[in-house]
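The values are calculated or read from the model by the stated rules, or taken from the named source; none is laboratory data. Worth saying up front: this structure is predicted, and the values here are computed from it rather than measured. As a convention, Cβ positions derive from the backbone with ideal geometry for all residues, glycine included, and neighbour counts pool all protein chains shown. With ligands, DNA and RNA removed, areas are computed over all heavy atoms of the protein, side chains included. Shrake-Rupley method; radii C 1.70, N 1.55, O 1.52, S 1.80 Å.
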Amino acid sequence: MRKKRFKPSTIDTSGITLPRDLQELIEVLAENNHNVWAQQRLSEGWAYGRKRDDVRKKHPCLVGYEQLPNREQEYDRQSAVETLKVALKLGYRLTREDDTSTTEIDTPGENTSQLIDHVGSLKLASLLALWNAHSPEEWANTPEVYRHLGQRILKLGEPLLAYDVLTEGLRSSPADVRLQQLLALALARSGATLRANALLTGLRAEGNLDEETLGILGRTHKDLWAQATDPSERKRQLRLAHKFYAEAYKLNRGYYAGINAATLELQLGDDEQAIARAREIRRSCLKELRRLPANDPGRYWPLATLGEAALILRKWSEAEERYAQAAEIGRGSFVELSSTRRNARLILDHLGRDRKSIDQCFRIPRVAVFTGHMIDAGNRPTPRFPAQLERAVRDEIRKCLKRLDIEIGFASAASGSDILFLETLIQMGGAAHIVLPYGHEQFVKDSVEVAPGDGWRERFERVLSSATEVITASDQKLEKDSTSYEYANLLLTGLASIKANQLETEMVQQAVWDRKEGDGPDGTAGVIRHWRNMGLEVEVIDLSKILEKHYPRSKRAASSVASVKRKRKPSGKLSTRMMAMLFADAVNFSKLTESQIPRFVDQFLGAIAKLISKSNQPPVLKNTWGDGLYFVFTSVRDAGQFSLELCDLISETNWARKGLPKDLNLRIALHAGPVYSCVDPVIGQRTYTGAHVSRTARMEPITPPGQVYASQPFAALAAAQFVAEFSCDYVGQTPLAKGYGTFPTYHVRRKQMPGVAAKRPSKKRSPR
């Protein structure tokens, strides 16, 4: 008798939307589901194995939840989500005994201990929900919470968020050494090497000679060695890096510092010492492995260190074996894998060996920046992306994500391709970063609810609630043309580039496109044109081919779909342009006496005028009022370079000799965004105005004297345009003046590699 085909019957929960504050509970339930399953298997005699074997009772998922492949974690997560949805569907309410929200577990005492116990297993989305919901007053004077949270976020590859967590912890516990060490590590990983170095140098001067302080200090000098171009400076930084690693090993005997010292001895040409130290470290790591259980995550670093020691000892096959073992345990820990690969490459390059065999041991996913067509509205005359193609497009997106090994994605969230990309990425366990061009409700009206009752609004809200990050490019929509969309797309590209650089992986440009010009300059075709103009290769999912295959012309002829192209509004007298703005304020101007004002105008403002006349990147608009400066530039490159020239001029001039206060200085703030260009009817001159000009003005008062600060959009646009002349180092979430809000802020500094082109994503992709 043939068995009937099994047809699962489920309760329909499609109309249920979970509150955002349940994200942490979902993660706890998902981990518990896995642990219940694993406990049952282990009690039945099962054990870990690389492949499932029902006869020998081996299973690859008998590991901690954190070590599960992303897809397995997602199965547990979806099971938790559906369980909660069914409860709500059947009329149950989700409440806590203390009648607080589900994420409020961050109170002192017992609940804080519970938080510390399980924070190490939370995914990034849950950590974000926890951080956004916490009360700084309740966490005050509990540095252990900040330590655990910051360390976990660093492990997941988000140094900027970790910086914010650790900075807040240090406000209430400023002397906590571990918080300072982690903050230095966050700075180093975000590119602020000099600031990290200064912090660690101070810790060492205070007598902190532990392996963490000295080891991270050595790492900063190793980074400075890699950045330097002058041979003598490179040698000096290399020797300093070795000095601190060797000092850490001598005092603490830790294999982390020891293997780094050995690797740098190799770079210094002291092969004999490097080999002797590598042998010593190898013995320590083998001893450590014998102590640790087979599936302990703590085995990662001893195994990775054994791989590095094997390279120094020229034991190539052993190195591959050890690195493969480490990578198996470190699946998903991209920061650690990237760090290990970096050191391996350093040794291989020095010894003239090919990287390929070792690189294959490490799986560090790529980062995607995405664009694509919206779903067809109900009045489109010629179908381009009818709703019938949704499944086929989703399948192609999934195939592309798998083929290109993408687990981190940046996209907007319009109905159609954007949301399909985000949904698929999240379902596969990836991290979604979303940029909306302007305010939530207006964007929904323009780009999500294209056909009432189609369910895209609910899907939009779900991807936002599951996203790692949601950024709104502008508070309001610019009504005159497409600049709002152009700005958002540039931010997406820049932010994706920054993330790829942090993980030392590739950025992939991915698109769902019909290979035709779109309905407007802000659409998919325009984004692809920009990418290609920058020399970037684009992975195209050809929508026209999918349309022809799944929705042939015979069906299209009978379709009621009819629509018109979007019409651009006439621009009138105002137009919008993407510009970079500089605001500056003379510090200590209020100390000037009346007799010094003429000298200020002649000497201080006169010097700035001479700089403008000689500069290779002068502003296209310049204005002053008293002690204030307002300049506008056509590019972030010009604005950044000029701001540093201006900063040098002011800080290096002896103003006392010119009859002015010796501590006269400037605060300089930079921002970039779409602004209105017009002729001011009062003064009869060209000017630029709008919300983004106001934002630049609000940044200037919080900038330290003698420094150049920039907004996140400025830093992202610099990355999107591969600016090589300066870097933007993260400062933290900074409250702007006059209650304007709190925004990510960056310190702009000149790079040590003048004249070197910025590294662009490779056009050729190596197979994974």
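FRET efficiency for residue 140 and residue 428, Cβ-Cβ distance as r, R0 = 41 Å, nearest 0.05? Plugging the Cβ-Cβ distance into 1/(1 + (r/R0)^6) gives 0.60. Placing +1 on the Cβ of every Lys and Arg and -1 on the Cβ of every Asp and Glu, with nothing else charged, gives the chain a dipole about its Cα centre of roughly 2880 debye.
The length gained by stretching the chain between residue 331 and residue 529 to full extension, at 0.36 nm per residue less their Cα-Cα distance, is 67.7 nm. With both labels modelled 7 Å from their Cα along Cα-to-Cβ, the residue 132 to residue 516 distance reads 3.8 nm. Apolar share of the accessible surface for the range 285-391: 47 percent from carbon plus sulfur atoms, 1.4 Å probe. Working from Cα pairs under 8 Å separated by at least six residues, relative contact order for the chain is 9 percent. Entry note, the chain: the mean residue ellipticity at 222 nm calculated from DSSP H runs of n ≥ 4, each adding -39500 (n - 2.57), is -15000 deg cm²/dmol after division by the residues and rounding to the nearest 500. The simple Förster model, with R0 at 25 Å and r as the Cβ-Cβ distance, assigns residue 198 and residue 270 a FRET efficiency of 0.30.
The peptide list 217-226, 284-293, put in order of mean Cβ contacts within 10 Å with the highest first, becomes 217-226, 284-293.
Counting only DSSP beta bridges whose two residues both lie in the range 351-435, roughly 10 percent are antiparallel.
At 4 °C and 1.567 mPa s, what whole-number value in µm²/s does Stokes-Einstein give for the translational diffusion of the range 155-211, with Rh from the Kirkwood sum over Cα pairs? Reported coefficient: 113 µm²/s. Modelled this way, with points 7 Å down the Cα-to-C-beta line, the labels at residue 657 and residue 398 are 7.2 nm from one another. The length gained by stretching the chain between residue 226 and residue 44 to full extension, at 0.36 nm per residue less their Cα-Cα distance, is 60.2 nm. In the context of the full set of protein chains, the chain has a per residue accessible area of 47 Å² (1.4 Å probe). Taking mean projected area of the Cα convex hull in nm² as the quantity of interest, determine which of (1) 52.2; (2) 33.5; (3) 40.7 was computed from the displayed structure. Here mean projected area of the Cα convex hull in nm² agrees with entry (3). The slack between residue 457 and residue 363, meaning 0.36 nm per residue of separation minus the straight C-alpha distance, is 30.3 nm.
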